[in-house]
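Here's the structure we're looking at; comments come further down.
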Amino acid sequence: MLGFTLIVSAVCSLLALFLPLPYALASYIASMVWYPEYLRISIGTIDISVGRVVGAILFARCLCNNQLRSRFVWNRLDTWIVVSMVIYVVIYCFTRPFEPALENRGGFLMDTWLAYMTVRLIMTDRATLASFLKAIGVVLTALAAWGVMEAVTHWQPFWPLMRFLPWGPPLREEAYPPRWGLSRATGPFGHPLMFGLCFIMFLPLFWALRRERQPDRIVAYLLSAAAVVGALSSMSSGTWVTLALALFCIVMERYRRWVKQVLIFLVVACVLAEIGSNNPLHHVIISRANPLGGAGWQRAALIDYAIKDFDKWWLAGYGGRDPGWAPSIQRPGTKPRTDLNNIFLHAGVDYGIWGLIIFCTVYASAIAGAVRVYKSTSNPALRAWAWAVGVSIIATIIAGMGVSFFGSPVALLYCIFGLAGSLSNLQREVLICQGVPHLYTTGWPCSRILEGAEV
């Protein structure tokens, strides 16, 4: 597969070099969602994925663009992202053999900080964001059709490629068992929940396109429908719950005056549920309240053991070792390996309490930034983008309670963080058009940028 991987890398890299920037970014995302991340280019002890190659080339192109660099303005989320990278690198290198750890962190930074900064540099205005989403919509529509094919025909062509994993045997020897007569589509991700999540991440953003002029409204409906179909094709209970909550948050934009009351109701309901069930809240929510079944009990048990063994991991995690919780929470006959299918627990086990705190801080900063932009403007299109980015981030939190992100979904998560950081660019675009239009050139007339604004 090495020769084919090199060809795919070369083609996607050329697209990233010569296409207009919104479409170059879409080609970067396409290389991650369509080509298995575990098919690597091996150089000595270093394994490089196609997404990393394409991302590095696109990032270098952005750095060489004087106009992009001049438009970049540092913000609070950028600071927290950098702090998190320092913590993730330093703790990892101190708790593991130095040279392998340094190689690992190099790849990690390419999947996280590089993906984040590439999006931050490119997303300078609404026109770029809209063009990017239309392009990525075509990519994901084709992937949704692939997911439906896998679910209906039970044919999963990507699954046999798992034998090429360079770092060991596949996590599962066989594909996930069907549900209700349909296969659980995994595509190139190797996990149905992560396959479905890649659609949910972009669903709110596709829906926000309806605020643009015709025919963008029709495009928004079509791309949103394709994203819903793609998510459903995963046949994953975690994906379906995340999709339902994401759709609820999307609908709440229309009834945003009720948001505070809904949040109060949820807090009261959680307190009453814990009192009435005589069980910890995470057991009530994750295990007992899951109408679609699945392994929610195991997710809840992980939290129990993390709390019980807090004194063992709080300082610097487990240093890459298995925490040893598997014998008590894994089903009989499964591998004796603790499946840390929770992104927050994974952050704690890998980096200790400092990693968990900074991870939560990055999330809080991203959501706070979206809320701040939403409240500070009366432009309906900008408010729609801020709401959509916020819903995308919340969706990753919900899904992250049931699966640890690895491979391409990690880079996609930081791309969404990059969109959250770039909301300030969209806000600046509107403000400058309201004041001194000639200071900012976007390609869109200011009359269109301000269209519908209550000014």
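All of the numbers you see were taken from the coordinates with simple rules; none came from a lab. Note that the coordinates shown come from a computational prediction; the quantities given were computed from them, not determined experimentally. Heads up, the Cβs are rebuilt from the backbone with ideal geometry, glycines too, and the neighbour counts pull from every protein chain shown.
Would you give the gap between the C-alpha center of region 88-150 and the C-alpha center of region 176-220, rounded to a whole Å?
After rounding, the separation between the Cα centres reads 17 Å.
What ranking of 360, 62, 415 emerges when the number of other C-beta atoms within 10 Å of each C-beta is taken as an exposure proxy, fewest first?
Fewest-to-most ranking of 360, 62, 415: 360, 62, 415.
Tabulate in residue order the Karplus-calculated ³J(HN,Hα) for region 117-122, using 6.51 cos²θ - 1.76 cosθ + 1.60 with θ = phi - 60°, rounded to whole Hz; enter x for Gly and Pro.
Whole-Hz 3J(HN,Hα) from phi for region 117-122: 5, 4, 5, 4, 6, 7.
Remind me, relative contact order of the chain in percent, using alpha carbon pairs under 8 angstrom and six or more residues apart?
19
Across region 146-152, in residue order, what do the Karplus-derived ³J(HN,Hα) couplings come to in whole Hz, using 6.51 cos²θ - 1.76 cosθ + 1.60 with θ = phi - 60° and x for Gly and Pro?
Residue by residue, region 146-152 yields 4, x, 4, 4, 4, 5, 7 Hz.
Amide H neighbours of residue 179 under 5 Å, at least 5 residues apart or on other chains, H built in the peptide plane: list them.
184
Please give the peptides 371-379, 186-194 ranked by average Cβ packing (other Cβ atoms within 10 Å per residue), highest first, as a rough proxy for protection.
Final packing ranking: 186-194, 371-379.
Which order do the peptides 234-241, 318-325, 93-100, 134-141 come out in when sorted by mean C-beta neighbours inside 10 angstrom, highest first?
234-241, 134-141, 318-325, 93-100
Between region 224-279 and region 340-400, what is the separation of their alpha carbon centroids in Å?
Value for the Cα centre distance between the two parts: 16 Å.
Taking θ = phi - 60°, what integer Hz values does the Karplus form 6.51 cos²θ - 1.76 cosθ + 1.60 yield along region 199-212, in sequence order, with x for Gly and Pro?
6, 5, 4, 9, 4, x, 6, 4, 5, 5, 4, 5, 6, 8
Here are some values of Cα Rg over 2.2 N^0.38 Å: [x] 1.87; [y] 0.97; [z] 1.25. Which one was computed from this structure?
This structure yields the entry labelled [y].
Quick one: net charge of residue 164's neighbours, Cβ under 12 Å, K/R +1, D/E -1?
That works out to 0.
Net charge near residue 54, counting Lys/Arg +1 and Asp/Glu -1 over other residues with Cβ under 13 Å of its Cβ?
Charge balance in the 13 Å sphere: 0.
Amide H to amide H, which residues 5 or more places from residue 49 or on other chains are under 5 Å from it, using H placed in the peptide plane?
Answer set, sorted by chain and number: 41.
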